[in-house]
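Below: the structure, in structure tokens.
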Amino acid sequence: MVWAFVFVLLGACSRAEGTNAGLKGRVTQKGLEYGQQFGLELVKSLLKREHVPDLNGSYNIPLIGDVGYSVSRIQIQELQLNESVVSFSEGTGVRLVVSNAHMQLSGVWRVKVLFIPDSGSFDLSVRDLSLSAELGVSRDDSGRPQVWSTNCRSSIGRLDVKFHDGASWLYNLFTGALQAPLRYEVNRQLCPELGKGISDLERVLKTMQVSAQLDPFAAIDYSLVNKPVIARDHGDMDLKGEFYGVGKHTESPFSPAPFLLPDEGDHMLLLGLSEFSANSAAFVYFTAGALRKNFRDDMIPKRSPIRLNTGSMGLFFPELKKLYPDMPMELHLSARKQPLLTCRPDSLALALFGAAEAFVVLPNATLASAFLLDLDASLAAQLHLDSAKVGGSVALTNFSMSVVRSHIGSVQVKTLETLLKLALRMVALPMANKKLKKGFPLPSVYNVSLVNPRVKINQGFVLVATDVQYKA
């Protein structure tokens, strides 16, 4: 929807004040100027869909006398905004100034001359129209945006009217007498009509969703956490950016840390994604039990040096193949603690805390626990972003293993740990990087796509600087 894109680019902007945000966004002057064309379309649509209130009065025609008139069903048919300037209005919102605009209206006229009624249609042409207004922005108690119209002024340079039907040939001779009162009445209604359109937009924003369910486990809260504040040359918006569990909103153990977006005017839009948001998501999936997976031997890549059977695993657990000769096994992997993401300059660090329990599949299909291991791994990650997808790469920086319990005797820990490291580097990580290199498609939000995005990892957050393109 056009109004939503206009609001995101022109209005939903705030500085960090009070509550720390998980997600931040900044609209620069370049972005505001790109959004100007959609802002003008919004103004045009707001004005054109409203009926101007009826006009009633009387005027004196020489030789005829007083003529009572009524002009109704006035509607804007065409609106050309030829010269316009849009800028940030510090402390309020966005200011729009339109000059030399042209407006074409139509409606129905009725007159009464010497108790004789007459009626028809008319066309009204307004030229040299000037309009200036500010779109104020704020935040309500639910974190939804609020908008209002303020400081609206308008003026009309020239107005021409032409009557049709009835005795229009007569009244067209005296249109000069009507120009002044009609110009006054039309000008008087422009700002109120714009205000009505903004009020309609405000009612729509009151129903705007500020959270969304992503899958059966997680939802995200993207409500505004601070009242909007507009700077002189940019606007910053603060969103909560916290994930929570579906059906059960368990408080996250993390709190967002303050961070500042850098001064960057070469792009239309800056986005800051904090490590808090990523870690709140990890907490949700961990508490929901979603970070677990069971493996059978037919799920292990054929090139893996370790097979899920007692013959292969018996190399590290000598008693295993004696107790359970030539039997299949299952490996149950799970997170024993939630993963932890840390943003460092030019690198992402991911800490994984896992558990691996191996089971022997008995002939009656029941499972017998063989051993339980704790597996800890540290990964370094990079992000790659283009206009269509997001991808990256990961590398192993550390790996350690310890035996929690064993039902099949002693374990050759160092040998097994070395082999698992090799398997991770030779098999698991190349497979992950192959998928990450292909990337994942970016969703389209309000038909807005990214243009030439740039990613930079900073302390505590990831910065995305990009231009945008809107397609209706």
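Observations on the model:
- Looking only at residues in the range 430-450 that are surrounded by 15 or more Cβ atoms within 10 Å (Cβ to Cβ), of a type outside the set (S, T, Y) and outside any helix (DSSP H, G or I), the one that is modelled with the highest pLDDT is L450.
- Condition check for V403 on (1) more than 30 Å from N20 (Cα to Cα); (2) surrounded by 16 or more Cβ atoms within 10 Å (Cβ to Cβ); (3) touching an Asp or Glu at 6+ places or on another chain (Cβ under 9 Å); (4) among the aliphatic types (A, V, I, L, M): one failure, at (2).
- Out of W109, W148, sole residue that is part of a strand (DSSP E or B), in contact with a strand residue (DSSP E or B) (Cβ under 7 Å, 6 or more places away or on another chain) and closer than 30 Å to G235 by Cα: W148
- Count of the range 215-229 residues which are open to solvent by 50 Å² or more (accessible area, probe 1.4 Å) and closer than 19 Å to P256 by Cβ: 2
- F122 falls short of the stated requirement of being more than 39 Å from the chain's Cα centre (by Cα) and surrounded by fewer than 15 Cβ atoms within 10 Å (Cβ to Cβ).
- Strands (runs of 3 or more DSSP E) lying entirely in the range 254-344 (those with 1 or more residues that are aliphatic (A, V, I, L, M), open to solvent by 50 Å² or more (accessible area, probe 1.4 Å) and closer than 30 Å to E33 by Cβ): 269-274
- Matching option when the condition is at pLDDT 90 or above and of a type in the set (S, T, Y), among S199, S211, S223: S223
- Hits in the range 415-437 - residues which are of a type in the set (V, I, T) and closer than 20 Å to L385 by Cα: none
- Candidates S155, S130, filtered to the one that is assigned to a strand (DSSP E or B) and surrounded by 14 or more Cβ atoms within 10 Å (Cβ to Cβ): S130
- Here F461 fulfils each of the conditions (1) within 14 Å of the chain's Cα centre (by Cα); (2) in contact (Cβ under 8 Å) with a residue 60 or more places away in the chain apart from (1).
- Yes/no for R73 being assigned to a strand (DSSP E or B), at pLDDT below 85, open to solvent by 50 Å² or more (accessible area, probe 1.4 Å) and in contact with a Pro (Cβ under 8 Å, 6 or more places away or on another chain): no
- Which listed residue, of W109, W169, is more than 30 Å from N226 (Cβ to Cβ), at pLDDT below 80, open to solvent by 20 Å² or more (accessible area, probe 1.4 Å) and over 43 Å from the mean Cα position of the chain (by Cα): W169
The values are calculated or read from the model by the stated rules, or taken from the named source; none is laboratory data. Since we're looking at a predicted model, the values are computed, not measured. All Cβ positions, even for glycine, are placed from backbone atoms using ideal geometry, and neighbour counts span all protein chains on display. SASA here: full protein model, heavy atoms, side chains in, ligands and nucleic acids out. Shrake-Rupley method; radii C 1.70, N 1.55, O 1.52, S 1.80 Å.
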